[in-house]
Structure formats: C-alpha cells, structure tokens
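Below is one structure; the comments refer to it alone.
No value in this document is a laboratory result; all are computed from the given coordinates. Note that the structure is a prediction, hence the values are computed from the model and not measured. No Cβ is skipped: glycine too gets one built from the backbone with ideal geometry, and neighbour counts run over all protein chains shown.
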Amino acid sequence: MSSKTPERIEIPTPFDVDGYTWCVLCVEQGRASGTSRFVLDFRSCARAFPDGVLPLISYLSSLRSHAGVDFSVELPATRNMRGVFDGVGWSEYLQMPEPVFLELPSFTKKFTPVRFFSTVEELDQIRASVMQVVTTQGRLAKWVPEAVQWALWEVMENVLNHAEADGGWVQVSTFAKRDHVNILVVDSGVGIRSSLSGMYSGLTDQEAIKRAVEQGVTGNPERNAGYGLAGCRQIVRSNRGQMIVYSGSSRLSQEVVGRGSDDLLRYTPTLAPHVGTLVELQLRTNRQVELAAALGQRDPVTLLELEQAVGGELVFDVAGDAPDLGTRSSGRQVKNRVMNLAHAIPNGERIVLDFSKVPMASSSFLDEFVGRMSMELGRERMIAEVELRGMNESVAAIVLTTLGTRTGNWAWPRRWGFAGK
C-alpha cells in the first residue's frame, strides 16, 4: 500500500485494553509495509473504556511527535457514545497534534477528565481535582481517600521520574453504585524493563514487572523512594481491589482471592507490545485500607493534612466548594466531602462551614447538606466538631428550621448566629 494512501482501521466493540493491542498490531503491520497515514474509524464503536482509549491516545501522540505518522480519527456516530467521548475529553486528545495540559473544570461529578501532564505543578492540580470528585461522590471507608491520593501521586510521579517520556495521561472515575474508584495512568516512555536495566540486566518484560511490584527495587532507599508500584500492590491487597500493569509485551493482573489477603498475580503475553507503561488501579470505596501497614508502617498523610487545616480549623468556603446553592445533589456532594474529612479531625479541632459569601441558599440544598450532616454526626458531635460561621439572617433562619426539623431540637449554639429558642 502506498504511503500516500491512508489505511483505514475499524475500531472494535468493546474498545478496551485488548482492542487497543489489536489496533497497535494493525498500525505496526501497516507501518512495516510502508504506510504512514491511518484513519481510525470509531463510527461503529458502541462501547469504549479508559484502558483502551487512554493508551491509544498516548500511542498516537508519540507516533505523531516522534515518528511522523499521521492519524485522523472518525468519532462514534451514535449520540450517546459521541457524548461520552466529548464529555471525558477523549475526542479532543485523540485528534490533538501535540499534547498540552488543559485546565480542569471547577466542578466535575463522577470523573476527572483525561489530562496530559508533564510537570509537578500539573500533578498537583490533577490531584486536587481528583480529590474533589472522589470525596463528594459518597461516604468513603477509612483511609480510602488517602490511599487514592497516595497511589495517584506515586504513579504519576513515576512517569515524570522514570518514563523518559514527554509526559503522561491520567483519568480517574468514580462509580458510587458499585462502590469503587478507578485510576488509570499511561505513558509512552521507555517502559519498566528499560527503566530497570541499570540495576538488572537481561530481564524479560514479565520479570521486570515482577521486580517493579516488589518493595523498593526502583528507587533510593535513603529517601524511601521506589515504593510506587509496590505500595499500590499492598494497598490493593488491603482493600481487596484490583491492579493492572502493562508494559512491553507483558500484562500483570492482580486480584485478591477469597476472604484472605493473598493476591493472585496473573501474567499474560499481549497481542502487541505497549511502548511505555499502563497502570490501572481499582479500589473499593466501602472497604477500609490498612494504609500504614500497606506502606511499610510509614505515617500516611491524612486527608485533613492535604486540605491544610490551620490553627485547629478546617474552613470550607461553602459558596466556593459547592457546585451550586440550589439543588439537593449539590448539597449531597458538599456533605459527603465534609463527612469524609470528619474521621481525620483530632479531638478539639473543628470543621468550619463558612457561609459569609452565601447570600441565599435553597431549603433543599441546606437540608441535604447541613440537615443530613446533623443526623449522621448526631447533635452533640455536630456541636463539638462543626461550626457554622458567617450566616446572614435569611440563611440562618433556613438552617435553624432544617436542624430543628431533622433533630427535633431547636436549641443550637448562639455562636453560629442563632438566637435560640
């Protein structure tokens, strides 16, 4: 086939990690025969998943930038599937000539859109957005949010420190009804085997992945580094979640079997190699993580510390933290975030709900937020650990009515702005 004639590849359904490897095989066969232009046809694709699309985005970006290969992408024809591609950012990045970091939206509901990253500053923005999403979707078991942020940061930082790539790609999604959160990080760098070649020679891809998930093989022990994938493996074991690591021509799938903590590691050869590394973690949001044990007894950073509590107070700017001030869904998101922080509050310290920038809020929002929080915490704990600050007269009246109706008690602290009854 002439290099001037684009080769058309019809994307399979479902398009997952196996669909991705098939697509890579087709492209590499075309390149071997002299083709440098391809059309990727998603028009008939009815289902697609991050573990297929993200590595494809990374692969296309690498070939466009470094091999002069031209790709055009025909997006799904159905309205629903096209909406998914547009909504999570797949459409934009599949067609982008050169990857750039895109600003994250102020509020997202169930996912953090796919993002390219290449600096520590971008990592921190992504982490903040992810934690906003994760902590607002539902009540989380103890240490789950800390485990999510730790694993996310470690895997993304591995890309910057070890991949020798232009950057990496990340997407995080929550599934409240199924009680899990999914983290996917991909790069098109040198891969795990090449990254470990300075310490271990002659490793196969499978052997390299096995080494990488063992504690402390990739970093400097003096600064307690090199624990990223090993720590992720232990977190998954503690949580009975799942992990996938795909690099080169081997893919590791980790699952916890039975009711014990033993994990089952399955290594499978792939149809085509992934040049770089893919790491996917699935954690159960309703199952506690033994985070200190998983990280080798190191003191984990609490979610409260991540939020930078100052002077014994963690202040929530209600107007800034809520997607809106009128709906129950928004009230539920803010309540979930506050309640997920409650377990990290030491005795004598408080969460402050700052209403000073709230001119008015609906009864539905305040009932779902403050009313339900009073029921979940109980009146005594609510008074001891939470303070409502800066309410104007109108907001205070609605809040007092909500608290009185929910708890049957109309006497709440005067310092909150209530005259009491």
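So if I take the alpha carbon set of region 22-82, get Rg, then get Rh from the Kirkwood formula, what is the Rg over Rh ratio?
With Rg and the Kirkwood Rh in hand, the quotient comes to 0.99.
Given Lys142/Lys357; Lys335/Lys357; Lys177/Lys357; Lys177/Lys210, which pairs have Cα atoms separated by over 27 Å? Before the final figure, lay out the partial values.
Numbers: Lys142/Lys357 31 Å; Lys335/Lys357 18 Å; Lys177/Lys357 33 Å; Lys177/Lys210 33 Å.
Exceeds cut-off: Lys142/Lys357; Lys177/Lys357; Lys177/Lys210.
Length gain on complete extension for the stretch Glu164 to Gln288, per 0.36 nm per residue less the alpha carbon to alpha carbon distance? Don't jump to the answer; show the numbers that get you there.
Values: separation 124, 0.36 × 124 = 44.64 nm, distance 3.50 nm.
Stretched out fully, the Glu164 to Gln288 stretch lengthens by 41.1 nm.
Tell me the mean residue ellipticity at 222 nm calculated for the chain from its helices only (DSSP H runs of n ≥ 4, each -39500 (n - 2.57), averaged over every residue, nearest 500).
Roughly -11500 deg cm²/dmol at 222 nm, from the helical runs in the chain.
Based on the Cα atoms of the chain, what semi-axes does the equivalent ellipsoid have, where each is the square root of 5 times one gyration tensor eigenvalue, given in whole Å with the largest first?
44, 26, 17
Based on the mean of other Cβ atoms within 10 Å per residue, sort peptides 67-75, 244-252 so the most packed one is first.
Packing proxy ranking, top to bottom: 244-252, 67-75.
Hey, with R₀ at 35 Å, roughly what FRET efficiency would Leu264 and Asp70 work out to, going by the Cβ-Cβ distance, to 0.05? Don't skip to the answer; put the middle values down first.
Numbers: r = 42 Å, r/R0 = 1.21.
It comes out at approximately 0.25.
Hey, what did the chain get for relative contact order, percent, Cα under 8 Å, at least 6 apart? Write down the numbers at each step before the final one.
Values: 810 pairs, mean separation 48.5, N = 421.
Once divided by the residue count of the chain, the mean separation gives 12 percent.
Would region 57-129 count as rounded, prolate or oblate if I go by the C-alpha gyration tensor, calling it rounded below 1.5 in a/c and otherwise prolate when a/b exceeds b/c, oblate otherwise?
Numbers: a/c = 3.36, a/b = 1.13, b/c = 2.98.
Verdict is oblate for region 57-129.
How would you order 24-33, 10-19, 125-134, 272-281 from highest to lowest mean count of nearby Cβ atoms within 10 Å?
So the order, starting with the most tightly packed, is 272-281, 125-134, 10-19, 24-33.
With a/c under 1.5 counting as rounded, go ahead and sort region 71-175 into rounded, prolate or oblate using the C-alpha gyration tensor (a ≥ b ≥ c being the square roots of the eigenvalues; past the cut-off, prolate if a/b is larger than b/c, else oblate).
Oblate, since a/c reaches 1.5 and b/c is not below a/b.
Please work out how much length the chain gains when fully extended from Ser201 to Arg37, using 0.36 nm per residue of separation minus the C-alpha to C-alpha distance, in nm with one decimal. List each step's numbers first, then the result.
Numbers: separation 164, 0.36 × 164 = 59.04 nm, distance 3.66 nm.
So the chain would gain 55.4 nm between Ser201 and Arg37.
So for each of 147-158, 202-213 I average, over its residues, the number of other beta carbons within 10 Å; can you give me the resulting order with the highest mean first?
The packing order, highest mean first, is 147-158, 202-213.
Over 10 Å intervals from 0, what percent of Cα-Cα pairs in region 372-421 sits in each interval?
Over region 372-421, the share of Cα pairs per 10 Å bin runs 26, 64, 10 percent.
List, in order, the whole-Hz ³J(HN,Hα) value for each residue of region 86-100 obtained from phi through the Karplus relation with A = 6.51, B = -1.76, C = 1.60 and θ = phi - 60°; use x for Gly and Pro.
Once rounded to whole Hz, the list reads 6, x, 9, x, 5, 4, 5, 6, 4, 9, 6, x, 9, x, 9.
Can you tell me how much longer the chain between Gln125 and Thr5 gets when fully stretched, taken as 0.36 nm per residue apart minus their C-alpha distance, in nm with one decimal?
Values: separation 120, 0.36 × 120 = 43.20 nm, distance 4.17 nm.
Result: 39.0 nm gained on full extension.
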